[in-house]
Amino acid sequence: MSPVVIEGVVIRGNRLGSRMGVPTANIEVGDELDIPDGVYASQVTLDGRTYGAMSDLGRKPTVGGRRRLLETNLFGFDGDLYGRRLRVELLWFVRPERRFGSVEELFRQIEADRCVILDRMASETR
């Protein structure tokens, strides 16, 4: 997959990720973006620094989401991004979006996805 770039202003979500220790920057994405919904390894450049990241593109079926969002967790970033314009580069596809039986199951999968992405990013920088 060649990288796909999505830019947009960070909007407020329901803060579920923050409550579970995986805060995300949410960007509204329309249906005209013709790539599969799912989890992607990504990177974000912010204030001259590049962060490895994990992004989920989709409608959040486990928690009853309706609008299509790009939710991005920046590795090693701690701060407020609301209202900031982000440029997110989707690097590779990890897995398709799916509905989980519970929020706990979802967050176990998010942690597994994070490990896969961090391991591959680390191996690519060696």
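In the range 95-119, the residues that are under 21 Å from Ile35 (Cβ atoms) form Cβ pairs under 8 Å with partners that are in a helix (DSSP H, G or I), at six or more places apart or across chains, as follows: Arg95/Asp113; Glu97/Pro61; Arg98/Pro61; Arg99/Pro61; Arg99/Thr62. Does Gly101 fit the bill of being more than 16 Å from the chain's Cα centre (by Cα), at positive phi and of a type outside the set (Phe, Trp, Tyr)? Taking the combined requirement at face value, the residue does not satisfy it. Among residues of the range 13-32 being modelled with pLDDT of 85 or more and outside any strand (DSSP E or B), the one that is nearest to the chain's Cα centre (by Cα) is Thr24.
Considering Leu57, Leu70, the condition of being touching a Lys or Arg at 6+ places or on another chain (Cβ under 8 Å) and within 15 Å of Gly8 (Cα to Cα) is satisfied by Leu57 alone.
Of all the listed residues (Gly38, Gly58), the sole one being closer than 25 Å to Thr125 by Cα and out of contact with any Cys (no Cβ under 6 Å at 6 or more places or on another chain) is Gly38. How about the range 60-85: which of its residues are in a strand (DSSP E or B) and of a type in the set (A, V, I, L, M)? Those that are in a strand (DSSP E or B) and of a type in the set (A, V, I, L, M): Leu69, Leu70, Leu74.
Considering only the range 34-41, I want to know if a residue exists there that is at pLDDT 85 or above, assigned to a strand (DSSP E or B), more than 17 Å from Phe77 (Cβ to Cβ) and of a type in the set (Asp, Glu). Checking the range 34-41: not a single residue is at pLDDT 85 or above, assigned to a strand (DSSP E or B), more than 17 Å from Phe77 (Cβ to Cβ) and of a type in the set (Asp, Glu). For the range 60-74, a residue qualifies if it is loosely packed, with under 15 Cβ neighbours inside 10 Å and in contact (Cβ under 8 Å) with a residue 24 or more places away in the chain, and the qualifying residues are Pro61, Val63, Arg67. Within the range 76-105, take every residue that is among the aromatic types (Phe, Trp, Tyr) and within 19 Å of Ile11 (Cα to Cα) and give me the one that is surrounded by the fewest Cβ atoms within 10 Å (Cβ to Cβ). Looking at the filtered set, the residue picked out is Tyr82. Taken as a whole, the structure leaves Thr50 outside the set of residues that are among the polar types (S, T, N, Q), assigned to a strand (DSSP E or B) and closer than 19 Å to Cys115 by Cβ.
The values are calculated or read from the model by the stated rules, or taken from the named source; none is laboratory data. Just so you know, these numbers come straight off a predicted model, no measurement behind them. Don't worry about glycine lacking a Cβ; one is built from the backbone with ideal geometry, like all the others, and counts go over all protein chains shown.
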